[in-house]
1. In the stretch 103-120, what residues are touching a Pro at 6+ places or on another chain (Cβ under 6 Å) and in contact (Cβ under 8 Å) with a residue 60 or more places away in the chain?
2. Residue check, ILE309 against (1) over 27 Å from ALA160 (Cα atoms); (2) open to solvent by less than 40 Å² (accessible area, probe 1.4 Å), all met but one. Which one?
3. Would you be able to tell me the number of residues in the stretch 21-68 that are under 22 Å from GLY177 (Cα atoms) and aliphatic (A, V, I, L, M)?
4. For the subset of the stretch 171-220 comprising residues that are farther than 15 Å from GLU52 by Cα and among the β-branched types (Val, Ile, Thr), which member is most open to solvent (accessible area, probe 1.4 Å)?
5. How many residues does the stretch 222-246 hold that are more than 26 Å from the chain's Cα centre (by Cα), of a type outside the set (A, V, I, L, M) and surrounded by fewer than 17 Cβ atoms within 10 Å (Cβ to Cβ)?
6. List pairs: first in the stretch 174-193 and part of a strand (DSSP E or B), second aromatic (Phe, Trp, Tyr) and at pLDDT 95 or above, Cβ under 9 Å, 6+ apart or cross-chain?
7. Given (1) open to solvent by 20 Å² or more (accessible area, probe 1.4 Å); (2) in contact (Cβ under 8 Å) with a residue 12 or more places away in the chain; (3) out of contact with any Gly (no Cβ under 8 Å at 6 or more places or on another chain), where does ALA100 come up short, assuming only one miss?
8. Which residues, counting only those in the stretch 268-288, are among the small types (Gly, Ala, Ser) and part of a strand (DSSP E or B)?
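The values are calculated or read from the model by the stated rules, or taken from the named source; none is laboratory data. These figures come from a predicted structure and were not determined experimentally. Here the Cβ positions follow ideal geometry from the backbone for every residue, glycine too, while neighbour counts run over all protein chains shown. We work out accessible area using only protein heavy atoms, side chains counted, and drop any ligands, DNA or RNA first. Shrake-Rupley method; radii C 1.70, N 1.55, O 1.52, S 1.80 Å.
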Amino acid sequence: MSQPALAQTPAVATSIGTPAGTPIVNTAGLRYDADGTAQSTSSNTVTIIVAERLDVALVRDGRGAVVVTAQPVAIPFTLTNLDNGAESFVLAASVSPGAAVLRTLVIDTDGDGLYDPAKDVAPVGGKTPLLAPGQSIKLLAILVATPEGSATNAVLTVTARSTTGSGATGNVYPSAGDGGGDAVVGPTGALATVSVPLGTALAGPVLLKSQSVRAADGSQTAVRDAVITYTLEARFTDAVTGARIADPIPLGTVFVPGSLTLDGAPLSDGADDDAGRFDPSTAQGAGVTVALGRVAAGSSHTVQFKAKIQ
C-alpha cells in the first residue's frame, strides 16, 4: 500500500542550514615567482558531506482536556521535520486504561482537521512519508468512550521518532544520512511525545493530569536536573463549593519554587491570602494545594507547577 498524498503544508520558519548530503568542496591555490616568472599550482581537493541532523517537533493543535463520547472524537496534532534532510518518522499512540479507547492514529491527508475514513488512513508500516526539511504534516488521533462507560480519567500519549535513529544528542549513525553522509541526533533527541488528558461527559467533577519534560539540553529526556511540568485541569459540570486541588511532589523530584499557577496566574508558595500553597511537610510528604472555593457550573480551572528530577 502506498502512502497517501499529503496536503501541501508550508515549511515552518526554522533554520535548517545547509541541506544534508551537500558536498563541501575546497581547493586551494599557491602563487609564486621562479626565475622571474609568475607561477601557480593547486592543492589537492578535499570534500566533506554535510551530515543530516535528526530533530522532530510534535505539538497538539489545541489545549486542555478532551471529553470523549460514544461518537468518534478527533484530536489533531502537527508533526514537523526540524532537521536538514528528508526524513520519515515512526508514529505510536496509546491510551492509559480509563474513559477512552484509541480507534486509530491517521495522517490528516488534506489537513482540514476533520476525520474522513476514505482519505485519512493510518501510515503504512507506522511510518510517515519522507518529509522535506522543515515540512509539517497533520495527524489525527481518533478516540471513543469505553464501551462500559468507565468514569476513570485517561491520558492519550502520541510519540514520533526519527526512522533513521534517536537517542542522546550527538549520537552518530555513520553513513545513514542523506547523500551517504552521517546522521547526527539533534537537541530534541529525534523523539517527541505529547500527552493529552481525557475525560467523559458524565456528571460530576473531573480532574485530569498531564506532564511534559524539558532537560537542560532542550530535549524531552527524563535525566537528572530535567524539569517536569505538571498540569491539572479540574472540570465541573455542576456548581460546587469548597473545591480544593492537592498534589504531592513525586519522590525523586523537588518542587521548583515560584512555579505554581492557577489559570495562568502565578501563586505564592507560602500560606497567605492567595489560593495556592507549597507545604514541604504534609502527611504524604511535600505537596502543593490550591483552593478553588465556590465553582460555577460548566467551568474549568487549570493548575500548573514544576518539579526537578534529582
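1. ILE107, THR109
2. (1)
3. Residues that pass the stated criteria total 11.
4. Residue satisfying both the conditions and the ranking: THR193.
5. 5
6. Cβ pairs passing all conditions: ALA183/TYR173; VAL184/TYR173; VAL185/TYR173; ALA192/PHE89.
7. Of (1) open to solvent by 20 Å² or more (accessible area, probe 1.4 Å); (2) in contact (Cβ under 8 Å) with a residue 12 or more places away in the chain; (3) out of contact with any Gly (no Cβ under 8 Å at 6 or more places or on another chain), only one is false for ALA100: (1).
8. GLY276, SER281, GLY285, ALA286, GLY287
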